1. Under 7 Å between Cβ atoms, at least 6 apart or on separate chains: pull out the pairs that start in segment 207-218 with a residue that is within 17 Å of I186 (Cα to Cα) and touching a residue at least 60 places away in the same chain (Cβ under 8 Å) and end on any residue that is surrounded by 14 or more Cβ atoms within 10 Å (Cβ to Cβ) and hydroxyl-bearing (S, T, Y).
2. Take the residues in segment 48-86 that are among the hydrophobic types (A, V, I, L, M, F, W, C) and in contact (Cβ under 8 Å) with a residue 24 or more places away in the chain; name whichever of them is farthest from Y157 (Cα to Cα).
3. Considering each of V339, V296, V288, V319 in turn, give the residue that is in a strand (DSSP E or B) and free of Cβ contacts under 8 Å to residues at least 24 places away in the same chain.
4. Return yes when I186 is over 30 Å from V67 (Cα atoms) and either open to solvent by less than 30 Å² (accessible area, probe 1.4 Å) or in contact with a Pro (Cβ under 9 Å, 6 or more places away or on another chain) (or both) and no when it is not.
5. Select, from T45, T19, the only residue that is at pLDDT below 95 and among the hydroxyl-bearing types (S, T, Y).
6. Output the residue which, of all residues in segment 40-73 that are among the aromatic types (F, W, Y) and over 17 Å from P24 (Cβ atoms), is farthest from the chain's Cα centre (by Cα).
7. Among residues belonging to segment 144-164 that are in contact with a Ser or Thr (Cβ under 8 Å, 6 or more places away or on another chain) and surrounded by 18 or more Cβ atoms within 10 Å (Cβ to Cβ), point out the one that is nearest to R323 (Cα to Cα).
8. Return the residues of segment 172-182 that are open to solvent by 80 Å² or more (accessible area, probe 1.4 Å) and more than 19 Å from the chain's Cα centre (by Cα); say none if nothing qualifies.
Amino acid sequence: YTPVRSDSVVGELRLSEPTDIILPELPKVEMLALTGKAVEGDVLTAVEVIPKSETQQRVWSKYKKDVRYQWFCSSEMEDRKSYEPLPTQRSCSYKVRLEDIGRCLRCECIVTDVFGRSTEPVYAETAPILPGMPKIDKLEIEGRGFHTNLYAVRGIYSGGKEGKSRIQWLRSMVGSPDLISIPGEIGRMYEANVDDVSYRLVAIYTPVREDGVEGQPVSASTDPIAVAFNFATEALQEPDVYKEVKQKLDLGSVKFEALCDKDRSKKVTFDILFDPSMGSLEKRVLEVNRKRVKVVKPGSKTSFPTTEIRGSYAPPFHVELFRNDQHRLRIVVDSENEVDLMVQSRHLRDVTVLVIRGLAQRFNSTSLNSLLKIET
């Protein structure tokens, strides 16, 4: 202040105390919005809506330092809703989890300017989180690619709590789009057998939520199943299946000893296979060569050998296995000529079946599908 008298004499200059530092307005958040759906598995993102005024637009562009976020999850306490902070969730985005289903989520936003000032918290809240659509990711089949191995389906399920999801095992011939269902095989694990040799195993997984809602089926497959080079039991290492089958196929004519159950009403035990006199089993000789199959009942002191069935590999010829009995196989020449045979081990059954099918395919061009009695 410079005082001046009426005759223009100037007095001593006086200065006032200085003001505080002049600060701009605080950055304001008109509204906090959440993008994304309140559904398990979706990503929610907090977005600040800034006032359109020129002053606020300038404040946000020149003086905003950072924006802090904190996510909360609701919990019911004494008939009122309260929110508990999710300590590690401090970014603008949040992926909705399985445990959030039925709860509400809240995001808190606080803006800080370059002068160290902070705004009041602004909130955005979701409706109760809904379960997502059932989905299965990273589906794969675990297991070594041989016909004596066990295979298992593995995948990551999402979409609410899993209910009665469905699994179906199938076979697929290499180079063919056709899928052949394996009846009764609907579990997470599958034990392969000689029927699977040369096919790819396919598992189709249909995810189902506990309330019955179904997701999209997903499939996984193996490489073509090969004949096992060897397989072990607890007590011994059995002969090499692959090598034994190859030797017999190269010979082109082989005989197998087997047993025939003449009284199917009685259950055949493992012990009886080693002592046929204990049951109703009779000896048979299975003769196979490049052109045909023959089952012969050996002669005795009072009878001559008799041929029970004989036939070529032409359809409807096929060989059937029984998943609940690893010692048994059925050879079917046609609708009127078939025979059930018993052998002493799975190893021998596998060799017998692989040799028959190998001769039929190699020398008669019989399709593997027809040898397994698969309609195409």
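The values are calculated or read from the model by the stated rules, or taken from the named source; none is laboratory data. Remember, predicted model here, so these are calculated numbers, not experimental data. Positions of Cβ are backbone-derived with ideal geometry, glycine not excepted, and every protein chain shown enters the neighbour counts. In case anyone asks, the SASA skips ligands and DNA or RNA and just uses the protein heavy atoms, side chains included. Shrake-Rupley method; radii C 1.70, N 1.55, O 1.52, S 1.80 Å.
1. P207/Y157; P207/S165; V208/S165; E214/T206; V218/Y205
2. Per the criteria, the residue is V59.
3. On the way: V339 fails: free of Cβ contacts under 8 Å to residues at least 24 places away in the same chain; V288 fails: free of Cβ contacts under 8 Å to residues at least 24 places away in the same chain; V319 fails: free of Cβ contacts under 8 Å to residues at least 24 places away in the same chain.
Exactly one residue qualifies, and that residue is V296.
4. no
5. T19
6. Once the filter is applied, the top-ranked residue is Y69.
7. Here is the first cut: in segment 144-164, the ones in contact with a Ser or Thr (Cβ under 8 Å, 6 or more places away or on another chain) are 145, 151, 157.
Right, trim to surrounded by 18 or more Cβ atoms within 10 Å (Cβ to Cβ) and you get 151, 157.
On the way: Y151: 15, Y157: 30 Å.
This residue is Y151.
8. Scanning segment 172-182 gives V174, G175, P177, D178.
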